[in-house]
Amino acid sequence: MRNRLTDWAPVLGLMLLAGALRFYELGSWPPGLYHDEAFNGLDALRVLAGERPLYFAANHGREPLYIYLTALSIDWLGRSVYALRLPAAVIGVLAVPAAYWAARGLFNRRVALLAAAFMTVTLWPVHLSLIGLRAGLLPLFAALTIGAGARAYRSGRAPDWLTAGAIYGLSFYTYLASRFTPVVLVIFGLTLIAARRAKRLWPGALIFLAAAALVVAPLAITALNNWDVVMGRPGDVSIFNPAINGGDATGTFIRSLAGALGMFNFQGDSIARHNVPYRPVFDALVTIAFIFGFVRLIQGASQTTRSTSVALPDFLQPDRSSAAERLPLPHQGPARFVLIWLAVMLLPTMLAEDAPHFLRAVGVLPVAMIVPAVGLDTLLRWFEARDRRALGYALAAALLIASTAITIGDYQRYALDPETAHAFESAGTQLAAEARSSILNRQ
């Protein structure tokens with residue numbers, strides 16, 4: 001028990017920081033209330049009035065879980081912007097330990113702590129936690145599924161596989177990008193089979209699939225009975241739709257691919273409702289760790305079973321006679337899983353208009369935080385191999401503190417920008433509030 005408390009104590013500290021970043025000015029930043037958020041509130045009122053739909057058809061159709069959480073929040077706090085956005089903030093805080101659990105199941109404890117730290121302070125997940133949209137639920141359930149799945153794979157116990165399958169089934173009730181996750185599981189399963197490491201999947205994988213199918217069955221039946229409603233939206237925004245590509249499907253795909261691949265380090269979402277316009281996912285400091293981590297993951301994924309380490313670049317090898325010039329690579333299986341997840345979960349934005357689109361790409365979020373964590377962990381290993389552990393940790397702490405400061409500064413400027421208020425329709429929100437106040441005063 002004491003070991004578990006020690007293991008999770010830093011995560012609790014990160015959750016406190018996450019709460020501070022997500023609850024500060026909640027309901028006021030960003031100013032206004034975008035109509036997608038308002039639709040969630042209106043449907044939440046339908047739930048409170050007694051309706052219990054499994055899919056909400058209005059506003060191009062939406063999965064139900066966030067709306068039911070919003071209904072609970074409104075029932076508790078009343079009708080307000082704060083109540084609409086409160087579930088998103090709570091979800092954002094819970095995503096921090098979930099990211100830790102997922103990364104811990106794939107890598108070591110330090111990578112997990114670093115991934116949780118990046119989930120805490122990176123602007124993208126912070127912003128998702130401040131707007132009342134369902135997209136933020138998917139990273140939470142994706143991380144929980146990965147963590148539970150890794151535990152089930154290690155233990156081989158039926159209850160663990162059952163739990164992982166049930167959590168995975170619930171992920172389909174969060175956001176439409178969840179529909180791409182079966183592709184990840186199929187591809188990764190095939191890599192395990194090819195590597196002759198699939199023995200531990202049976203019969204656990206069958207329990208996992210049965211549990212997931214049982215949980216998702218009500219939503220699947222609803223989709224089959226309302227196919228145009230549930231599946232219509234992807235076709236409307238697809239880059240293969242002539243109305244979107246203007247007759248140039250190939251060129252549109254190339255531009256969309258470049259946008260999706262560059263979103264982490266070069267240019268992010270331009271839509272002010274989703275992001276500080278054009279800001280990449282990671283700031284310049286974390287970008288260095290991201291690129292290094294990405295290279296290490298590629299090396300780990302492509303290594304042979306006999307190769308467990310690789311020579312570092314020349315500039316990191318001041319003393320070639322030292323045993324420290326070679327550092328262990330990430331294990332092949334987890335490295336491949338991360339790369340497969342990133343590639344597949346970028347498809348929702350890659351195959352749709354406006355790439356990169358931070359809502360459609362939200363499925364990559366928990367796993368994307370692992371990449372700079374792997375890079376920073378490698379750097380710390382390099383310092384430790386040279387008996388400079390304190391210096392390494394000081395630099396890592398400085399990077400995280402600087403990244404937090406950059407996030408706070410960027411978001412404050414964004415929240416106070418008149419263009420942000422316009423994007424969130426603050427004038428209409430203020431007018432509605434004044435009309436409501438006037439009606440109440442007359443009563």
* Pick from 244, 193: which is part of a helix (DSSP H, G or I) and surrounded by 15 or more Cβ atoms within 10 Å (Cβ to Cβ)? -> 244
* Structure fact -> Within segment 204-241, residues being part of a loop (DSSP other than H, G, I, E, B), within 16 Å of residue 360 (Cβ to Cβ) and not hydrophobic (A, V, I, L, M, F, W, C) number 1
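For segment 240-278, enumerate the residues that are among the aromatic types (Phe, Trp, Tyr) and over 24 Å from the mean Cα position of the chain (by Cα).
Listed by number, the list holds a single entry, 240.
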* **segment 39-72 - residue that is in contact (Cβ under 8 Å) with a residue 24 or more places away in the chain and of a type in the set (Gly, Ala, Ser) and, of those, most open to solvent (accessible area, probe 1.4 Å)** => 57
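Every residue, every condition in (1) surrounded by 24 or more Cβ atoms within 10 Å (Cβ to Cβ); (2) polar (S, T, N, Q); (3) in contact with a Leu (Cβ under 6 Å, 6 or more places away or on another chain), yes or no:
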site: 359; (1), (2), (3): yes, no, no
site: 362; (1), (2), (3): yes, no, yes
site: 369; (1), (2), (3): yes, no, no
site: 372; (1), (2), (3): yes, no, no
site: 379; (1), (2), (3): no, no, no
site: 385; (1), (2), (3): no, no, no
site: 389; (1), (2), (3): no, no, no
site: 392; (1), (2), (3): no, no, yes
site: 397; (1), (2), (3): no, no, no
* Hey, residue 145 touching a Phe, Trp or Tyr at 6+ places or on another chain (Cβ under 6 Å) and open to solvent by 10 Å² or more (accessible area, probe 1.4 Å) or not -> yes
* Asked: Given (1) touching a helix residue (DSSP H, G or I) at 6+ places or on another chain (Cβ under 6 Å); (2) outside any helix (DSSP H, G or I), where does residue 53 come up short, assuming only one miss?
  -> (1)
* Asked: Going through segment 1-35 one residue at a time, which ones are on the phi > 0 side of the Ramachandran plot and either in a strand (DSSP E or B) or acidic (Asp, Glu) (or both)?
  -> 25
* **Selection from segment 90-147 of residues that are assigned to a loop (DSSP other than H, G, I, E, B), within 21 Å of residue 272 (Cβ to Cβ) and not hydrophobic (A, V, I, L, M, F, W, C)** => 122, 129, 132
* Which listed residue, of 298, 340, 291, is hydrophobic (A, V, I, L, M, F, W, C), modelled with pLDDT of 95 or more and surrounded by 17 or more Cβ atoms within 10 Å (Cβ to Cβ) -> 340
* Is it fair to say residue 306 is basic (Lys, Arg) and at pLDDT below 80? -> yes
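Yes/no per residue for (1) more than 15 Å from residue 138 (Cα to Cα); (2) in contact with a strand residue (DSSP E or B) (Cβ under 6 Å, 6 or more places away or on another chain); (3) aromatic (Phe, Trp, Tyr):
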residue: 151; (1), (2), (3): yes, no, no
residue: 172; (1), (2), (3): no, no, yes
residue: 185; (1), (2), (3): yes, no, no
residue: 202; (1), (2), (3): yes, no, yes
* **Scope segment 254-286; condition open to solvent by 20 Å² or more (accessible area, probe 1.4 Å), part of a helix (DSSP H, G or I) and either in contact with a helix residue (DSSP H, G or I) (Cβ under 8 Å, 6 or more places away or on another chain) or among the polar types (S, T, N, Q) (or both); matching residues** => 257, 285
* To do: Under 9 Å between Cβ atoms, at least 6 apart or on separate chains: pull out the pairs that start in segment 130-149 with a residue that is without any contact (Cβ under 8 Å) to a residue 60 or more places away in the chain and closer than 16 Å to residue 337 by Cβ and end on any residue that is of a type in the set (Lys, Arg) and assigned to a helix (DSSP H, G or I).
  => 147/104
* Structure fact -> Checked pairs for segment 240-264, first closer than 21 Å to residue 340 by Cα, second open to solvent by less than 70 Å² (accessible area, probe 1.4 Å) and part of a helix (DSSP H, G or I), C-beta under 7 Å and 6 or more apart or across chains, list as 256/350; 257/350; 260/349; 260/350; 264/290; 264/368
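From the list 359, 395, which residue is under 18 Å from the mean Cα position of the chain (by Cα), over 19 Å from residue 265 (Cβ atoms) and at pLDDT 95 or above? Can you show your working first?
Values: 395 fails: under 18 Å from the mean Cα position of the chain (by Cα).
Going through 359, 395 in turn, just one is under 18 Å from the mean Cα position of the chain (by Cα), over 19 Å from residue 265 (Cβ atoms) and at pLDDT 95 or above: 359.
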* Asked: Which one is modelled with the lowest pLDDT among residues in segment 61-92 that are small (Gly, Ala, Ser) and closer than 24 Å to residue 216 by Cα?
  -> 61
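Does segment 176-190 hold any residues that are open to solvent by 20 Å² or more (accessible area, probe 1.4 Å), closer than 16 Å to residue 146 by Cβ and in contact (Cβ under 8 Å) with a residue 12 or more places away in the chain, and which are they?
180, 183, 187, 188
The values are calculated or read from the model by the stated rules, or taken from the named source; none is laboratory data. In this text the structure is predicted, and so the values were computed from the model without any measurement. Heads up, the Cβs are rebuilt from the backbone with ideal geometry, glycines too, and the neighbour counts pull from every protein chain shown. Each accessible area value is taken on the protein alone, full model and side chains, heavy atoms only, with ligands, DNA and RNA left out. Shrake-Rupley method; radii C 1.70, N 1.55, O 1.52, S 1.80 Å.
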